[in-house]
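Visitor: Okay, handing you the structure first.
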Amino acid sequence: MSEQTTAKPRPQVATWAPSQTGPCARCGSPCTRYGAPASPLCTSCRQARQEQFARP
């Protein structure tokens with residue numbers, strides 16, 4: 001049997017203004033925190049959170 005390990009998500013490449021960048025509330029990687037597509041979570045953490053609550 002082989003054990004599966006979960007790799008830490010890689011930081012996103014910033015495609016937004018530096019003034020809109022802040023740390024992810026979960027993992028601390030840089031993400032867009034302010035402006036139109038703002039979210040307190042990076043893409044990886046947001047997807048993991050959605051999957052967590054998608055299960056019955």
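The values are calculated or read from the model by the stated rules, or taken from the named source; none is laboratory data. For clarity, every value in this text was computed on a predicted model and none was experimentally measured. Cβ atoms come from the backbone with ideal geometry, glycine included; neighbour counts cover every protein chain shown. All accessible areas refer to the heavy atoms of the entire protein, side chains included, with ligands and DNA or RNA removed. Shrake-Rupley method; radii C 1.70, N 1.55, O 1.52, S 1.80 Å.
Visitor: Scan (1) surrounded by 14 or more Cβ atoms within 10 Å (Cβ to Cβ); (2) over 11 Å from the mean Cα position of the chain (by Cα); (3) modelled with pLDDT under 80 for the single condition Glu3 breaks and write down its number.
Guide: (1)
Visitor: Counting just the residues of the range 13-35 that are open to solvent by 60 Å² or more (accessible area, probe 1.4 Å) and part of a loop (DSSP other than H, G, I, E, B), which one comes out modelled with the lowest pLDDT?
Guide: Ala14
Visitor: Look at Pro9 and say whether it is part of a loop (DSSP other than H, G, I, E, B) and modelled with pLDDT under 70.
Guide: Considered against the rule, which asks whether it is part of a loop (DSSP other than H, G, I, E, B) and modelled with pLDDT under 70, Pro9 comes out as yes.
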